[in-house]
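A.B. asks: My questions all concern the structure below.
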């Protein structure tokens, strides 16, 4: 499945344009294999997600394992709990 995940970054990440305070990521989640592939990410200079600080597009997304306790792990656990 594909889902968009939005998170606040606490503490903010340091970046040349300023502190990155929130992010939005489009990812593909494979519940059967417990893997994730990021397609696109935005990092914002504000909590509301209005001032873009950085944008990344993955040309060829590849599935891989997630780190325990990471945002991807929490998203995968939540999304896959709702899948039969």
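A.B. asks: Collect the residues in the stretch 36-54 that are under 12 Å from the mean Cα position of the chain (by Cα) and under 19 Å from residue 13 (Cβ atoms), keeping them in residue-number order. Step through it out loud before you land on a result.
C.D. replies: Taking the stretch 36-54 and keeping what is under 12 Å from the mean Cα position of the chain (by Cα), we get 36-43.
Residues satisfying the conditions are 38, 40, 41, 42, 43.
A.B. asks: Separate question: For the stretch 31-53, state whether one or more residues are in contact (Cβ under 8 Å) with a residue 60 or more places away in the chain and loosely packed, with under 14 Cβ neighbours inside 10 Å.
C.D. replies: Let us first name the residues in the stretch 31-53 that are in contact (Cβ under 8 Å) with a residue 60 or more places away in the chain, namely none.
No, because not a single residue in the stretch 31-53 is in contact (Cβ under 8 Å) with a residue 60 or more places away in the chain and loosely packed, with under 14 Cβ neighbours inside 10 Å.
A.B. asks: For residue 74, indicate whether it is at pLDDT 90 or above, part of a loop (DSSP other than H, G, I, E, B) and within 14 Å of the chain's Cα centre (by Cα).
C.D. replies: Numbers: at pLDDT 90 or above: yes; part of a loop (DSSP other than H, G, I, E, B): no; within 14 Å of the chain's Cα centre (by Cα): yes.
When the stated conditions are applied, residue 74 does not pass them.
A.B. asks: Which of the residues belonging to the stretch 15-38 are part of a strand (DSSP E or B) and within 17 Å of residue 65 (Cβ to Cβ)?
C.D. replies: Within the stretch 15-38, 25, 27, 28, 29, 30, 35, 36, 37, 38 meet the criteria.
A.B. asks: Does residue 34 qualify as being out of contact with any strand residue (DSSP E or B) (no Cβ under 6 Å at 6 or more places or on another chain) and modelled with pLDDT under 95? Quick ask: steps written out before the conclusion?
C.D. replies: On the way: out of contact with any strand residue (DSSP E or B) (no Cβ under 6 Å at 6 or more places or on another chain): yes; modelled with pLDDT under 95: yes.
So residue 34 passes the test.
A.B. asks: If residue 12 satisfies every condition in (1) modelled with pLDDT under 95; (2) exposed (fewer than 14 other Cβ atoms within 10 Å of the Cβ); (3) in a strand (DSSP E or B); (4) in contact with a strand residue (DSSP E or B) (Cβ under 6 Å, 6 or more places away or on another chain) but one, which is the exception?
C.D. replies: (2)
A.B. asks: Restricting the search to the stretch 58-84, which residues are surrounded by fewer than 13 Cβ atoms within 10 Å (Cβ to Cβ) and within 14 Å of residue 4 (Cβ to Cβ)?
C.D. replies: Residue satisfying the conditions is 78 alone.
The values are calculated or read from the model by the stated rules, or taken from the named source; none is laboratory data. Here the structure is a predicted model, which is why all the values come from computation and not from measurement. As a convention, Cβ positions derive from the backbone with ideal geometry for all residues, glycine included, and neighbour counts pool all protein chains shown.
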